[in-house]
Structure formats: structure tokens, C-alpha cells
Amino acid sequence: MELKRHFFRNVNLKFLAVTFTLLLSNTLCVYQANSISDEQRSYLDCTNFKFVFARGSGAEVGSARDFQPFKAAVDEVFGDSGYTYSFYELGTTAWSGHSYPAPGIGISTFERFTTSLGALLSGGEMHAYGDSVYSGTVEAKTYIWQLRGVCPNTKVVLAGYSQGAQVVSSTLQIVDPNWIYAALTFGDPKLYL
């Protein structure tokens, strides 16, 4: 009799634990969906594919150098495919307080020189360059997490050029691999730092 009572007490405790966990996870999902701004919500459109792009060092959001050629190539391939698709470029808006800045590198200004030197000496992990990669990684992870909560069937394709490729590589290390359909990197400097 004591064993039977012990068994049912444990089953009831497990049932309560599972119920509490489910309620908590549902509450967090509702909080997640309600804790974003209207601007952020406008970037969470449900399509067959969502292309998340990270630009290279020194390029502005919507850059004719980085983003526009990538978008044109995707449009050429997917344009008549019958699939719906859309784009989000990292740095467009802040997610979790982070917005990918993609600071310039090189020797044309003192700021670019120190960013380059900091990246080289730290293997791309510190200073303005490392901070930028970190911000891009957090923005990408948070954006993808929010997108998955609103559009669970959207296939996410991550793509990045130069510093943006390093952001993509870093993001792949911290997100659930089941969230990413494909990843494209072009000229990841982490391979050379």
C-alpha cells in the first residue's frame, strides 16, 4: 500500500512539473511575441524562405557593394520559382539591444586602422571589430529566434560577406542547427586572422 501511494505521489509530482513547464513555455512564447516593437514585427513576415544577410566591413545597410548584388542573385534564382521569399539585413534594427554596425577596416583613417589592428591582434575577437561581430551574432540569433516563434515553417538562409561571413559562422555556433536551412559565407576573414 505504501509503495502504491509513493508511486502515485511521484506521478502527481511529475504531472505537476510537466504542466508547470508547459504553462511556463507557453507564457514565454506569448511574452516573446508581445515583447517586440511594431518596427521589429514588420520584419517577421512568414514566407517560404527568409534570407538573413550580414554585410562586409564598412558597408552601409542596403549597400550596393554587398547586399544589392546578393539580393539580385537570389531574385534571379527564386523570382519565377513559385516560392515566397524575403530578406532581412543585419543592422536594419536592433534586436536584444544589438544592431550589427560593420565598422570599416583598412588604413584610410586612424579609426579604420585601429579597428584593423585590433582585429588582427585579437583574431577578430576584440576591439571594435570583435564588438561588431558579437553584436551581429546576437542580432542574428535573436532575429532568427523571434522569426521561428512567429513563422515556424519559414526556412532561414544565412549569408554573409567578409566580416558578415564571420558573423554567420559565429551565429551557426550558437543557434539550433534545425533553425537554419542553409548558410553561405563569402570571404570569411576568421580563416585568416
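Across region 82-97, the qualifying residues are those that are modelled with pLDDT of 90 or more and open to solvent by less than 50 Å² (accessible area, probe 1.4 Å), and the one among them that is nearest to the chain's Cα centre (by Cα) is 90.
Restricting attention to region 161-178, the residues being over 10 Å from the mean Cα position of the chain (by Cα) and open to solvent by less than 70 Å² (accessible area, probe 1.4 Å) number 7. Restricted to region 46-66, and to residues there that are more than 17 Å from residue 94 (Cα to Cα) and either out of contact with any helix residue (DSSP H, G or I) (no Cβ under 8 Å at 6 or more places or on another chain) or of a type in the set (Lys, Arg) (or both), the residue that is surrounded by the fewest Cβ atoms within 10 Å (Cβ to Cβ) is 64.
Could you go through region 149-160 and let me know if any residue there is assigned to a helix (DSSP H, G or I), out of contact with any strand residue (DSSP E or B) (no Cβ under 8 Å at 6 or more places or on another chain), open to solvent by 50 Å² or more (accessible area, probe 1.4 Å) and at pLDDT 95 or above. No, that holds for no residue.
Name every residue in region 136-148 that is within 12 Å of residue 100 (Cβ to Cβ) and open to solvent by 50 Å² or more (accessible area, probe 1.4 Å), in order of residue number.
141
The values are calculated or read from the model by the stated rules, or taken from the named source; none is laboratory data. All figures in this text were calculated on a predicted structure; none of them were measured in a lab. Cβ atoms come from the backbone with ideal geometry, glycine included; neighbour counts cover every protein chain shown. For the accessible areas, the whole protein counts, side chains as well, though only heavy atoms, and no ligand, DNA or RNA atoms are used. Shrake-Rupley method; radii C 1.70, N 1.55, O 1.52, S 1.80 Å.
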